[in-house]
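First comes the structure, then the notes that go with it.
Derivation of every value follows stated rules applied to the coordinates shown; laboratory data play no part. From a predicted model like this one, the values you see are computed outputs, not experimental measurements. All Cβ positions, glycine included, derive from the backbone under ideal geometry; neighbour counts span all protein chains shown.
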Amino acid sequence: MKAVFNKAFHDSGRFVFWMSVASVLYVLLIMAFYPSMIEQSEEMDKLMESYPKEMMSMFYGGDVEEMSISDPGNYVQSQFITWLELMLGGIVIVQAFNALTNAERDGTLDVMLSLPVSRRAYLLGRILNTVAGVLILLAACWGSLWLSTLIWPEFDVSIGRLALGTFGGFFPTMVVAGFAYLLAAIIPSSKHFSGPLCYLFLFGSYLLYMLAAMINSLKGFKPIFVFHYYNGGQIIREGINVGDWLLLSGVAVIYFALAWWLVEKKELGV
């Protein structure tokens with residue numbers, strides 16, 4: 001398993017590095033505008049009040065009644081964290097299918113399983129690589145946000161709250177990763193619907209969650225979507241909700257455990 005992890009980590013290392021660099025540069029770019037947002041906060045808040053609340057909730061995801069663009073948590077959530085979650089979700093889906101489905105199609109899985117490594121050990125090594133990559137990306141984002149507090153004193157947030165708000169994104173990302181690994185572990189590589197199904201799970205649930213946030217009659221459906229249980233801006237502002245993290249962790253563990261158990265029964269074309 002260690003050898004599988006080392007190889008996967010080496011193969012994805014360059015991608016993770018450049019994604020981290022890109023994320024840091026993006027964070028610093030958007031934070032450069034924050035001081036001007038503070039200076040014009042009254043005008044910006046009045047402008048947002050003129051927008052339909054339904055439209056604002058689509059971009060924010062939280063309670064727009066309490067939204068002020070000058071609030072550090074709200075600013076980070078609306079300008080960065082939402083897009084970070086979608087980006088990380090896309091990355092872990094690619095890694096899950098590269099581990100099994102694509103490796104089966106291009107013949108590399110045949111080579112790996114010819115070595116003294118079981119399917120479950122191989123899968124566990126690839127899962128740990130995904131976990132490590134996500135943590136590295138989140139650490140880079142957190143570091144750039146912390147650096148922003150030093151460069152722009154107007155962005156006055158404690159380093160602990162920034163860490164909680166940023167690394168809290170690990171839990172919903174692992175739910176997406178677990179679902180992707182589960183599909184990759186049980187659906188034959190000859191089928192071509194598992195990938196689109198994963199992206200539908202990610203982006204479709206995001207769009208449906210935003211739709212439920214926009215329409216009062218659909219608000220009761222919000223708890224069935226993973227995005228309901230993570231709002232980085234709210235965590236930065238108010239602290240964590242341990243129950244949400246436990247729920248997301250439980251769902252992710254169930255997905256990963258099913259993938260680990262069922263991969264032994266999958267018919268591989270190797």
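Each peptide in 176-183, 106-113 gets a packing score, the mean of other Cβ atoms within 10 Å over its residues, and the list from highest to lowest is 176-183, 106-113.
Sparse packing (at most 11 other Cβ atoms within 10 Å of the Cβ) combined with a DSSP loop state is found for the following trypsin sites (Lys or Arg not before Pro) in segment 138-227: LYS191.
Please find, in a Gaussian network model of the chain (springs between Cα atoms separated by less than 10 Å), the residue of ILE235, ILE224, ILE187 whose mean-square fluctuation is greatest. Of ILE235, ILE224, ILE187, the Gaussian network model singles out ILE224 as fluctuating most. The sum of -39500 (n - 2.57) across all DSSP H runs of n ≥ 4, divided by the residue count of the chain, sets its helix-only mean residue ellipticity at 222 nm to -22500 deg cm²/dmol. Solvent-free Debye calculation, one equal scatterer per alpha-carbon of segment 200-251: log10 I(q)/I(0) at 0.14, 0.17, 0.30 Å⁻¹ equals -0.40, -0.58, -1.11. With a Förster radius of 35 Å, plug the Cβ-Cβ distance of LYS2 and LEU25 into 1/(1 + (r/R0)^6) and report the FRET value to the nearest 0.05. With R0 = 35 Å, the Cβ-Cβ based efficiency is 0.60. Name the residue from THR166, ALA252, ALA99 whose Cα lies farthest towards the positive end of the charge dipole of the chain, charges +1 on Cβ of Lys and Arg and -1 on Cβ of Asp and Glu. It is ALA99.
Ranking VAL157, ALA185, ILE235 by Cα position along the charge dipole of the chain, where only Lys, Arg, Asp and Glu carry charges on their C-beta atoms, puts ALA185 farthest toward the positive end. Which angle between 0 and 90 degrees, to the nearest 10, do you get for helix 170-186 versus the longest principal axis of the chain when only C-alpha atoms count? It is inclined by approximately 30 degrees. Charged side chains reduced to their Cβ positions (Lys and Arg at +1, Asp and Glu at -1) give segment 167-270 a dipole of some 160 debye around its Cα centre. Computed from the C-beta positions of GLU39 and ASN241, the FRET efficiency with R₀ = 41 Å rounds to 0.80. Which of these, SER78, SER249, SER114, has the largest mean-square fluctuation under a Gaussian network model of the chain (Cα springs below 10 Å)? Highest fluctuation among the options: SER114.
When the dipole is taken about the Cα centre of the chain, and only Lys, Arg (+1) and Asp, Glu (-1) are charged at their Cβ, what size is it in debye, to the nearest 20? Charge dipole of the chain: 1360 debye, to the nearest 20.
Taking the C-alpha atoms only, the angle from helix 119-151 to the longest principal axis of the chain is near 20 degrees. Short-range pairs are left out: with C-alpha atoms under 8 Å and at least six residues apart, the relative contact order of the chain is 30 percent. Of the GluC sites (Glu not before Pro) found in segment 208-270, those that fall in a DSSP loop while having at most 15 other beta-carbon atoms within 10 Å are GLU267.
Dimensions of the chain based on its C-alpha atoms, expressed as ranges along the principal axes with the largest first, amount to 65, 44, 30 Å. Its residues counted as N, segment 151-264 yields a C-alpha radius of gyration over 2.2 N^0.38 Å of 1.26.
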